[in-house]
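A short reminder: the numbers here are calculations on the coordinates, not readings from a lab. Model, not experiment: these values are computed from the prediction. Methodologically, a virtual Cβ is constructed for each residue, glycine included, from the backbone with ideal geometry; neighbour enumeration extends over all protein chains shown.
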Amino acid sequence: MNNAERKEFVRAHRTAVFGYNRRNDGPSMSIVYYMMDGADEMLISTMAERGKAAAVRRNPKVSLCVLDEKWPPTYLQVYCNARIDATMESNPQAVVDGMMRLYAVMAGRPMADEARANAEETCRREKRLIVRLAPYATFQTPPRHVYSEQDTAGLTHRVGQLMPWN
């Protein structure tokens, strides 16, 4: 994939595995929905008390393994600098707006205004916040899919490569 194709892959999808280093034990990974914010930033929502928020405060280097949600899976690893963008204390309107956008991403369509009260209550109760992710590199491994015995003839693997986001 060239640079434009990698960016389009990220823009065209909505789920990823969010990875970060834990203080102890191995890396942590969790499935998240994400949304684009402009051409070059991504947003996720999490609870203030979750490990993702603590990890971002501790070390802003995170990764997203963007998934295409089809089998067999195709993915793109995106390395990001992350920061807490808005909290219910600092900017509650931005958090609720983000939750409404996230609901739309999850549902695949815009949310009716009536859903806003639920989003506000969820954000307050769960102490939601918005994490802003600024991609700086991607790692792409060319997919090799096997659908039948014939697909194994000449099956090769190539080494992936780290490529700058811009």
Original post:
Separation between the residue 48 and residue 137 pseudo-spin-labels, each 7 Å from Cα along Cα→Cβ, expressed in nm?
Top reply: 3.4 nm
**OP:** Determine which residues of region 146-166 fall in the zone a paramagnetic label at residue 2 would reach in this model, i.e. backbone nitrogen under 20 Å from the point 7 Å along Cα→Cβ.
**Re:** 161-166
**OP:** Only helical DSSP H runs with n ≥ 4 go in: add -39500 (n - 2.57) per run for the chain, normalise by residue count and round the 222 nm mean residue ellipticity to 500 deg cm²/dmol.
**Re:** -8500 deg cm²/dmol
Original post:
Between residue 109 and residue 37, what length in nm is gained on full extension when 0.36 nm per residue of separation is reduced by their alpha carbon distance?
Top reply: 24.3 nm
Original post:
For a paramagnetic label modelled at 7 Å from the Cα of residue 25 toward its Cβ, which residues of region 48-75 fall within the zone defined by backbone nitrogen distances under 11 Å?
Top reply: 51
Original post:
In whole Å, how far is the Cα centre of region 26-49 from that of region 53-95?
Top reply: 2 Å
Subject >> Among (i) 1.01; (ii) 1.14; (iii) 1.33, the entry derived from the coordinates for Cα Rg over 2.2 N^0.38 Å >> reply: (ii)
